[in-house]
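Participant: Mind having a look at this structure? Questions to follow.
The values are calculated or read from the model by the stated rules, or taken from the named source; none is laboratory data. Worth saying up front: this structure is predicted, and the values here are computed from it rather than measured. Cβ coordinates were reconstructed from backbone atoms using ideal geometry, including for glycine residues, and neighbour counts include every protein chain displayed.
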Amino acid sequence: MSLREITWIALRTATGLCSAIVTLYGLYGAYGLDFRRDTFVSALYVLLPFLSFFVFLFARALRSELWLHALVACGFLTAYSILNWRSCNWLGDCTTVSATVLETLMTKRVLAAFGVFILSALAFLIDAPARRRPS
């Protein structure tokens, strides 16, 4: 077993663990959320991170998994930012939309979702040369 294969296995394991954590964040996010206001955004806030582990498990090709993890991370950031904007606007604490998005980006949940994407991208980059060479 080469160093490239060991690194790929380690990255895939880390991706799986992080995506499981993001899925648990999605389940936990549904706990105290009021779905009556902004039902669609609230559903996306819960559903997108919840799908992370299932994307890891059931996506066949690494390229499609990479795109789906990017969709989950960016969609989760968007939904979370909209909900944060709604909350800070109601309290009167908002400065700008970009500041709200940046603060949302620095939360553990969003960083974990982007971490899954980055780990998946690294695994894809390490695996891509191995797929190109003849067996």
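Participant: Has segment 96-104 got at least one residue that is out of contact with any Gly (no Cβ under 9 Å at 6 or more places or on another chain), surrounded by 15 or more Cβ atoms within 10 Å (Cβ to Cβ) and polar (S, T, N, Q)?
Facilitator: Looking for residues that are out of contact with any Gly (no Cβ under 9 Å at 6 or more places or on another chain), surrounded by 15 or more Cβ atoms within 10 Å (Cβ to Cβ) and polar (S, T, N, Q), one finds at least one in segment 96-104, hence yes.
Participant: If a residue counts only when it is of a type in the set (A, V, I, L, M), which helices (runs of 4 or more DSSP H) contained entirely in segment 1-65 have at least 3 such residues? Before the answer, list the steps.
Facilitator: On the way: elements: 3-29, 39-50, 52-58.
Correct list: 3-29, 39-50.
Participant: OK, next. Any residue at all in segment 54-68 that is polar (S, T, N, Q) and at pLDDT 95 or above? Break it down into steps so the answer makes sense when it comes.
Facilitator: So the first thing to find is which residues in segment 54-68 are polar (S, T, N, Q), and the list is 64.
Filter once more, so that each one left must be at pLDDT 95 or above: none.
No: segment 54-68 contains no residue that is polar (S, T, N, Q) and at pLDDT 95 or above.
Participant: To continue, here is another question. Quick one: R60 ticks every box in (1) closer than 30 Å to I9 by Cα; (2) surrounded by 11 or more Cβ atoms within 10 Å (Cβ to Cβ) bar one, so which box is it?
Facilitator: Failed condition: (2).
Participant: Continuing with this model, one more query. Looking at segment 1-47 only, could you name the residues that are in contact (Cβ under 8 Å) with a residue 60 or more places away in the chain and within 19 Å of L77 (Cβ to Cβ)?
Facilitator: Scanning segment 1-47 gives T15, C18, S19, I21, V22, Y25, G29.
Participant: Can you tell me how many residues in segment 1-33 are over 17 Å from L111 (Cα atoms) and not hydrophobic (A, V, I, L, M, F, W, C)?
Facilitator: Final tally of qualifying residues: 8.
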